[in-house]
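Report on the following structure.
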Amino acid sequence: MIRFLILLLPVLLAPVTAFAHEGSSLPYGSFIAGLAHPVLGTDHFLAMVSVGILSAQIGGRAIWTVPTTFVSVMAIGGLLGWLNVGLTSIELGISFSVLILGIAIAADRKLPVLVAMGAVGIFAIFHGYAHGAEMPTVANALTYGLGFMTGTAFLHVAGLVVGDISQHYARGKILLRIAGAAIAGVGTWFLVGLAG
């Protein structure tokens with residue numbers, strides 16, 4: 001009987017060990033893991049801040065409608081990613097979003113609010129899908145989702161602040177256009193990396 005228990009012990013401990021190892025990937029919990037995902041990824045970071053900057057450039061109700069559209073549609077994309085519905089070309093969509101948002105900032109033209117909302121809504125599907133698909137298996141889906149939505153909203157607000165401050169200074173507008181061109185350059189670099 002003792003021999004049987006000794007042989008059984010590794011089997012009984014294996015799931016606990018596997019769970020503990022997986023759990024260590026979330027040292028601060030599901031919410032913080034979700035919060036960090038858009039903040040720590042260069043592609044997500046640039047796109048989220050760019051949405052805020054573009055919203056500030058457009059002004060008016062775009063300041064809240066464009067970022068709100070992004071976060072809302074991104075939640076749907078996150079659910080699709082979590083469900084693994086098979087959306088393809090995710091990295092292409094994310095890279096393309098960085099390119100287009102950078103070009104829009106560099107152009108410094110007032111886009112119609114509905115056009116901006118439609119474009120960021122399309123981009124949000126890809127970003128949300130990536131967040132949902134890359135969710136650690138031990139994460140609580142709801143708190144992880146709230147985390148990445150909060151991180152995204154924070155980055156939108158940061159972009160709004162940068163965009164708003166820049167609108168009040170002649171050199172600020174020029175620097176913002178240069179930053180937009182640089183963001184578009186990074187988006188191009190992402191696309192070239194995907195092709196290679």
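The charge dipole of the chain, taken about the Cα centre with unit charges on the Cβ atoms of Lys, Arg (+1) and Asp, Glu (-1), comes to about 380 debye, rounded to the nearest 20. Over all directions, the projected convex hull of the C-alpha atoms in the range 30-195 averages 8.7 nm² in area.
Readers should treat all values here as calculations from the given coordinates under stated rules, not as data from a laboratory. Please read all numbers here as calculations on a predicted model, not as lab measurements. All Cβ positions, even for glycine, are placed from backbone atoms using ideal geometry, and neighbour counts span all protein chains on display.
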